[in-house]
Amino acid sequence: MNMSKILTRQAIENAIKVNAAIGGSTNFVIHLLAIAGRMGVELTLDDFDRLAAELPCLVNLQPSGQYLMEDFCYAGGLPVVIKEIADHLHKDVLTVTGQSLWENVKDAENYGPQVIRTLAEPFKDKAGICVLRGNLAPNGAIIKPSAATPELLVHKGRAVVFESADDLHKRIDDENLDIDEHCVMVLKNCGPKGYPGMAEAGNMPLPPKVLRKGITDMVRISDARMSGTAYGTVVLHTAPEAAAGGPLALVQDGDIVELDVPNRKLHLHVSDEELAKRREKWVAPQAPLDSGYWKLYVDTVLQADQGADLAFLRGRRGAFVPRDNH
């Protein structure tokens, strides 16, 4: 069966909504953008917010909730969720079973209503992934509200900046680090080009001096990814990334950063004039190698808002079969 008959725009829209209903990973965003790009299906960050940010999370599953993945499986798993939100989906899309989506799930039974809730009584309201924009993320950044601390979804704080993952690990345990729970931790150069490879470094560990107060969460912002098992008020995939010259590269210790998830805002309280001065002094980081695959990757990798795929892999290329070369 041709993949283009399965990976349609309608199927991709379904995936976005189902991901919201299960409280799915932020990694889903970047992978689906890349898949759509390779299939030649137009998809943007705004689609994630428009289609699913207002949908509830139905699944009481860690890290958003209490239960484990095996509990979700025993409760009936994904078919139960799909059936419950079916009226929000394109039910007639073709699937790899050869049947429609609805045919696959119409007989699903919920054996664990404490694990998989209903639309009428969801686990969390309006829990889909949110897309943030502002002068700190002109091309977008994302946050998973279902895994965040509600009180931190609107927050303004002083930036504590780490220039790289190495810088973070070198200084985070320093008792003299000028930081408290009201600060905003900012991590640079962990995006597609900067790490390179966009590692799961976005869920920065909290400083011991803060943890000892009983604090378990702080606002954290980076151009990195984080694991779907991670918890916290963590802004990810900031685009353009620091290594590509995005505004994240210009943030300095002491700058005031504002996060406003309900209004989809991520703002750096620094004037345009000051940012222009900083940009004049900014020097792009040097790639680890200037030849081979490293160079091919760094030169052609797209930003997070486009799926962090290699630019030359986008678009349907057909089923090319090369000639024998023996």
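No value in this document is a laboratory result; all are computed from the given coordinates. From a predicted model like this one, the values you see are computed outputs, not experimental measurements. Cβ placement follows ideal geometry from the backbone for every residue including glycine, while neighbour counts extend to all protein chains displayed.
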Counted charge near residue 118, where neighbours are those whose Cβ lies closer than 11 Å (Asp, Glu -1; Lys, Arg +1): 0
A correct fewest-to-most ranking of 125, 217, 272 by other Cβ atoms within 10 Å would be 272, 125, 217
Which angle between 0 and 90 degrees, to the nearest 10, do you get for helix 27-39 versus the longest principal axis of the chain when only C-alpha atoms count? 70
Loop only per DSSP, at most 15 neighbouring Cβ atoms within 10 Å: give me the chymotrypsin sites (Phe, Trp or Tyr not before Pro) in the range 233-326, ordered by residue number. 282, 320
Less than 9 Å Cβ to Cβ from residue 239, Lys/Arg counted +1 and Asp/Glu -1: what total charge do the surrounding residues give? -3
Which of 190, 57 has the fewest Cβ neighbours within 10 Å, and the rest in rising order: 57, 190
Can you sort 257, 283 by how many other beta carbons sit within 10 Å, fewest first? 283, 257
Could you give P(r) for the range 3-105, binned at 10 Å from zero, as whole percent values over all Cα-Cα pairs? 14, 45, 35, 5
Let me know the shape class of the range 130-281, please: from the alpha-carbon gyration tensor, a ≥ b ≥ c as square roots of the eigenvalues, rounded when a/c is under 1.5, otherwise prolate if a/b is greater than b/c, or oblate. rounded
Rounded to the nearest 0.05, what FRET efficiency do residue 3 and residue 200 give with R0 = 25 Å and r taken as the Cβ-Cβ distance? Could you check? 0.35
Where in the range 286-300 does the label zone of residue 325 land, with the point 7 angstrom along Cα→C-beta and an amide N cut-off under 20 Å? 292-297
Principal axis extents for the range 183-239, Cα atoms only, whole Å, descending order, please. 36, 22, 15
Hey, in the GNM for the chain with a 10 angstrom Cα cutoff, which one of 79, 240, 145 fluctuates hardest? 79
As an exercise, use a Förster radius of 45 Å and the Cβ-Cβ distance of residue 87 and residue 176 to find the FRET efficiency, rounded to the nearest 0.05. 0.20
Over the chain, equivalent-ellipsoid semi-axes from the Cα gyration tensor in Å: 35, 27, 17
Note down the net charge around residue 260, summing +1 for each Lys or Arg and -1 for each Asp or Glu among other residues with Cβ under 12 Å from its Cβ. +3
The range 38-82: GluC sites (Glu not before Pro) in DSSP loop, at most 11 other beta carbons within 10 Å: 42
Please give me, ordered by residue number, the chymotrypsin sites (Phe, Trp or Tyr not before Pro) of the range 63-117 that lie in loop per DSSP and have at most 14 other Cβ atoms within 10 Å. 111
Can you give the Rg to Rh ratio of the range 206-246, both from alpha-carbon atoms, with Rh computed by the Kirkwood formula? 1.08
